[in-house]
Amino acid sequence: MLKAFLQDDSMRTVRSLLKATILITIAIAAVSSRLFSVIRFESIIHEFDPWFNFRATKYLVKNGFYSFWDWFDDRTWHPLGRVTGGTLYPGLMVTSGLIYHVLKFLTLPVDIRNICVLLAPAFSGLTALATYFFTKEMKNDSAGLLAAAFIAIAPGYISRSVAGSYDNEAIAIFLLMITFFLWIKALKVGSAYWGALCALFYFYMVAAWGGYVFITNMIPLHAFVLVCMGRFSPRLYTAYCSWYALGTLASMQIPFVGFLPIRSSEHMSALGVFGLLQIVAFVDYLRSLVPSKQFQTLLKTVVIVTFLLASAALVLLTVSGVIAPWSGRFYSLWDTGYAKIHIPIIASVSEHQPTAWPAFFFDLQFLVWLFPAGVYMLFRELRDEHVFVIVYAVMGSYFSGVMVRLMLTLTPCVCVSGAIAASTILENYVVLGSPKEATPEEKEAEEKKPRKGALTAEGEPKGVYSPMSKLIVSVTFTLYLLLFVTHCTWVTSNAYSSPSVVLASRLPDGSQHIIDDYREAYYWLRKNTPEDAKIMSWWDYGYQIGGMADRATLVDNNTWNNTHIATVGKAMASNEMTAYPILRQHDVDYILVIFGGLLGYSGDDINKFLWMVRIAEGVWPDEVKERNFFTARGEYKVDEGATQTMKDSLMYKMSYYNYHKLFPSGQAVDRVRGVKVPAVGPTLDILDEAFTSENWIVRIYKVKDLDNLGRDHASANAFEEGKKKKRAASKKGPVSMRV
Amino acid sequence: MARKTAAASGKTATPSGSARSTTPTPPIIPTTTNTISKKPSSTAPPLTGNTFVLVWNQYLATTPQRIRLLDVFLGFLIVVGVLQFVYCVIGGNYPFNAFLAGFSATVGQFVLTVALRMQTVNANRKEFEGVSPERAFADFVFGSLLLHVFCVNFIN
């Protein structure tokens, strides 16, 4: 009866209805598992980058598309400013802007913030759908449904798409999967229509995320592998060329991408394969006209020689500088130590660190071991589209090992091949048909299999097919599936649902305590400082200050200008006398530091301080030296044993200023580093403490104006405190006070 | 719909059937292939010269009128593309996006036309089971429309 239900034609409508229901349920599950943060905290934008996207979206909705396109932002990167419209991927903002206007047109006024917060969950539902279609092309419906269910709740994808994480990746993974699906479809049918659709979604992807380069290289690689396997076909030509010709032209419409597709090395593989396919197609055509063997070898040589010549020309052009060489970010993918030496700014980002092994299990759970099984099953059949998943699996695994962040691109592939493995198991074991009912053909096939496997008991092939073994396998597997669901929910709720703008902790009685220092401080800035005040902080907080406090910043998460960031790092790392001119030159009014010592919040500026020093050292190796911040024994200390350079640095002073007064004398403890801080706190001459938040996480200092009498701040301060002018004027004055 | 396909296929069949009779060509192929296979290690010039004639004859013999029309279009596109490129090299590439738009319009159109040609040629019938000649033409129109929309946007 089950068989009749699964295969009968008359049941087709019932089956498709069932499929639609399952898909809708999966989409609902995908959305709702991403709502933890909204329910626990509130509808708020998370983390750092999303704050910029949110601010840009607000600008777009308020000022319209054209002024968004030409947006020059003078409130960031003071005094340089940023050509924001030309240096961002507008896909995300335009998408939510469109949704906003459509809803408004339908007389459903929804706050733009809520659209931004819920965009990622909404698109994750669509991702599940795209993954279903993609996997369906690989195997069948049931594998597709499983893959959709996997991607809907896999933590590797949830990590970047919970409600409030309004980042480019929110829509990019959907676009990735739908582009890949359309590519496979185009390749299978060999139709320019699907190729053109693929190019359209590729265009959307280029508009949405810098990771589009992954597609730009994956599709050519697939095509190249197919050609190398001798599987060139007119279908491949049609699909690839229609995609490339349209997609490349389309991608150049995005100002931020511009002429890159023909100028930079990352895009050259696509161009190369395009050229190769032209030659191969032409030769293929000629061969169909002349069926001579010598001639064919001649043609083959022509192809290879042309290919080599073209590669040589490419290298020559790269060396001569017509084509930009690989960008630094790209190099760091091949040589994992590269960024650390040459571009500390990239190495300093936590999501650019190499992945730790447990992270794979944490993010993928049992898919980790189903993944190779699925790839193996694809190998057994090895149709053209299977090659794609295999290539994807190889590339994805490598890249995810290099950078934590690229776990995201691996996850869809793991879900697809995991689903293929899982559905093969389920198809073989769940259906409770006894061998008698099977047709002779099937029976033959079934009997063949166990003989190959190690499980066979001689003469008893039915053993594996007995209801008992089927029961055991399917029950175990169901258990795994259930465990997977539990694991995913647990990970999502514990690890990935914190907005990181608002922190949560548990009180001793188990109730939740919200720590809202960031917003408290940003709100203070918004209300108590002049509109055009310039705030200096480490770049991590630039977007948040711009988004929440609406004040101009010196550096932000865009990190386009390394020197400017190094300047801020230098100001933070040097002593007051050196720092003051820098602050004055950059019109800094307030300085904001993050200090977690009181609360034990480990992501604070003292812990990031070494990166500031390193980045500053990269630009001014003579003035800032990392070595001076370590003790003679090479330790990074903030207690009594800290080096003088460390104690004199602006960052140290700002973090620990007045901190010891919180505690009985001599008892001051830094809870992050777990050390006692000196009983006598640092003094500040050029800054005034302006604001410190409830839990001391955010501390804001006001930069003093020049002294009225033209003295330097140290002597002026000393005078205020009633010291004799003579003593204060000598340079040792403030130092002797400190000791 | 069905009648249309029949008519189309009938039409494509006629040129090769009546205007250029296929009968003279078969003898040509074996003889020339023989000459080639006789001297596998000989110098290239006679081989290439022969093969060009051979290819040309074969082409004339097997290509229906409609496909030839497409081929003329392809030749035209190549000429236009080469002209643009030569201009870019000689005259400079100042409005670079204008040059790119023009050049990629020809390249894109060329590629799409080749795809159309591949999809409609009889020899490839088996490859493209899901694509009828009408569907192929619709694809072609769709792709070209998209291409030119992007080009117009890009050319400034």
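The values are calculated or read from the model by the stated rules, or taken from the named source; none is laboratory data. Everything numeric in this text was worked out from a predicted model, so none of it was measured. Using ideal geometry, Cβ is built from the backbone for each residue, glycine included, and neighbour counts are taken over all protein chains shown. Surface areas here come from the heavy atoms of the whole protein model, side chains and all, with no ligands, DNA or RNA. Shrake-Rupley method; radii C 1.70, N 1.55, O 1.52, S 1.80 Å.
Taking region A:134-179, which residues are aliphatic (A, V, I, L, M) and open to solvent by 10 Å² or more (accessible area, probe 1.4 Å)? Working first, answer last.
Applying the first criterion (aliphatic (A, V, I, L, M)) to region A:134-179 yields A:138, A:143, A:145-149, A:151-154, A:158, A:162-163, A:170-173, A:175-178.
Across region A:134-179, the qualifying residues are A:L145, A:L146, A:A149, A:I153, A:I178.
Kindly check whether there is at least one residue in region A:190-200 that is within 28 Å of A:V117 (Cβ to Cβ), assigned to a helix (DSSP H, G or I) and within 11 Å of chain B (Cβ to nearest Cβ). Checked against the condition, which is being within 28 Å of A:V117 (Cβ to Cβ), assigned to a helix (DSSP H, G or I) and within 11 Å of chain B (Cβ to nearest Cβ), region A:190-200 yields at least one hit.
Here is the figure for region A:235-282: residues that are open to solvent by less than 20 Å² (accessible area, probe 1.4 Å), more than 23 Å from A:G190 (Cα to Cα) and touching a Gly at 6+ places or on another chain (Cβ under 8 Å) total 1.
Can you find a residue that is hydroxyl-bearing (S, T, Y) and surrounded by 23 or more Cβ atoms within 10 Å (Cβ to Cβ) anywhere in region B:133-147? Working first, answer last.
Taking region B:133-147 first, the residues hydroxyl-bearing (S, T, Y) are B:144.
This time we only want the ones that are surrounded by 23 or more Cβ atoms within 10 Å (Cβ to Cβ), so: none.
The answer is no; no qualifying residue exists.
Consider B:L60 carefully, then state whether it is in contact (Cβ under 8 Å) with a residue 40 or more places away in the chain, away from chain A (no Cβ under 11 Å) and either β-branched (V, I, T) or open to solvent by 20 Å² or more (accessible area, probe 1.4 Å) (or both). Criteria not met by B:L60. The set of residues from region A:602-619 being over 23 Å from the mean Cα position of the chain (by Cα) and open to solvent by 40 Å² or more (accessible area, probe 1.4 Å) comprises A:R614, A:E617, A:G618, A:V619.
Where helices (runs of 4 or more DSSP H) sit wholly within region A:444-540, those with at least 1 residues that are at pLDDT 90 or above occupy A:467-495, A:517-528.
What about A:A281, is it within 14 Å of chain B (Cβ to nearest Cβ) and either farther than 22 Å from A:A393 by Cβ or in a helix (DSSP H, G or I) (or both)? Even if it seems obvious, please write down each step before you answer.
Details: within 14 Å of chain B (Cβ to nearest Cβ): yes; either farther than 22 Å from A:A393 by Cβ or in a helix (DSSP H, G or I) (or both): yes.
When the stated conditions are applied, A:A281 passes them.
Inspect region A:396-411 for any residue being outside any loop (DSSP other than H, G, I, E, B), among the aromatic types (F, W, Y) and under 28 Å from A:Y331 (Cα atoms) and give the result as yes or no. Looking for residues that are outside any loop (DSSP other than H, G, I, E, B), among the aromatic types (F, W, Y) and under 28 Å from A:Y331 (Cα atoms), one finds at least one in region A:396-411, hence yes. In this entry, B:L69 passes the filter for residues that are at pLDDT 85 or above, farther than 30 Å from A:F259 by Cα and more than 10 Å from chain A (Cβ to nearest Cβ).
Considering only region A:661-680, state which residues are under 13 Å from A:L599 (Cα atoms) and open to solvent by 90 Å² or more (accessible area, probe 1.4 Å).
First, the residues of region A:661-680 that are under 13 Å from A:L599 (Cα atoms): A:662, A:668-674.
Scanning region A:661-680 gives a single hit, A:R671.
None of B:G92, B:G130, B:G75 is more than 11 Å from chain A (Cβ to nearest Cβ), modelled with pLDDT under 90 and surrounded by fewer than 14 Cβ atoms within 10 Å (Cβ to Cβ) except B:G92.
Among the residues of region A:196-221, those identified as touching a residue at least 40 places away in the same chain (Cβ under 8 Å), open to solvent by 20 Å² or more (accessible area, probe 1.4 Å) and over 15 Å from A:L260 (Cα atoms) are A:L200, A:Y204, A:L221.
Total residues in region A:691-713 satisfying the condition of being open to solvent by less than 40 Å² (accessible area, probe 1.4 Å), in contact (Cβ under 8 Å) with a residue 40 or more places away in the chain and not in a loop (DSSP other than H, G, I, E, B): the figure is 7. Check region A:79-98 and report whether any residue there is under 30 Å from A:L503 (Cβ atoms), assigned to a helix (DSSP H, G or I), among the hydroxyl-bearing types (S, T, Y) and in contact with a strand residue (DSSP E or B) (Cβ under 6 Å, 6 or more places away or on another chain). Scanning region A:79-98, I find at least one residue that is under 30 Å from A:L503 (Cβ atoms), assigned to a helix (DSSP H, G or I), among the hydroxyl-bearing types (S, T, Y) and in contact with a strand residue (DSSP E or B) (Cβ under 6 Å, 6 or more places away or on another chain), so the answer is yes. The condition (being touching a helix residue (DSSP H, G or I) at 6+ places or on another chain (Cβ under 6 Å) and part of a helix (DSSP H, G or I)) is satisfied by just one residue among A:A170, A:A163: A:A170.
Name the single residue that is nearest to A:E42 (Cα to Cα) among those in region A:505-521 being of a type outside the set (D, E), in contact (Cβ under 8 Å) with a residue 40 or more places away in the chain and surrounded by 14 or more Cβ atoms within 10 Å (Cβ to Cβ). This residue is A:I515. Scanning region B:101-127 for residues that are open to solvent by 40 Å² or more (accessible area, probe 1.4 Å), in a helix (DSSP H, G or I) and more than 7 Å from chain A (Cβ to nearest Cβ) gives B:F103, B:F110, B:N122.
Table: residues versus (1) in contact (Cβ under 8 Å) with a residue 40 or more places away in the chain; (2) out of contact with any Lys or Arg (no Cβ under 7 Å at 6 or more places or on another chain); (3) crowded, with 24+ Cβ neighbours inside 10 Å.
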site	(1), (2), (3)
A:W524	yes, yes, no
A:P530	yes, yes, no
A:K534	yes, yes, no
A:G547	yes, no, no
A:R551	yes, yes, no
A:L554	yes, no, yes
A:N561	yes, yes, no
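Every residue, every condition in (1) β-branched (V, I, T); (2) in contact with a His (Cβ under 6 Å, 6 or more places away or on another chain); (3) closer than 21 Å to A:L410 by Cα, yes or no:
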{"residue": "A:F174", "(1), (2), (3)": "no, no, yes"}
{"residue": "A:F181", "(1), (2), (3)": "no, no, yes"}
{"residue": "A:V206", "(1), (2), (3)": "yes, no, yes"}
{"residue": "A:P234", "(1), (2), (3)": "no, no, no"}
{"residue": "A:I254", "(1), (2), (3)": "yes, no, no"}
{"residue": "A:V257", "(1), (2), (3)": "yes, no, no"}
{"residue": "A:L271", "(1), (2), (3)": "no, no, no"}
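Within region A:563-599, track down each residue that is β-branched (V, I, T), surrounded by fewer than 23 Cβ atoms within 10 Å (Cβ to Cβ) and under 25 Å from the mean Cα position of the chain (by Cα). Selection gives A:T563 alone.
Each row is one residue, and each column tells you yes or no for (1) under 17 Å from A:R673 (Cα atoms); (2) of a type in the set (K, R); (3) assigned to a helix (DSSP H, G or I).
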| position | (1), (2), (3) |
| --- | --- |
| A:T578 | no, no, yes |
| A:L598 | yes, no, no |
| A:G618 | no, no, yes |
| A:T631 | yes, no, no |
| A:V638 | yes, no, no |
| A:K647 | yes, yes, yes |
| A:Y652 | yes, no, yes |
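Only one entry in A:S269, A:S265 is more than 11 Å from chain B (Cβ to nearest Cβ), touching a strand residue (DSSP E or B) at 6+ places or on another chain (Cβ under 9 Å) and in contact (Cβ under 8 Å) with a residue 40 or more places away in the chain, namely A:S265.
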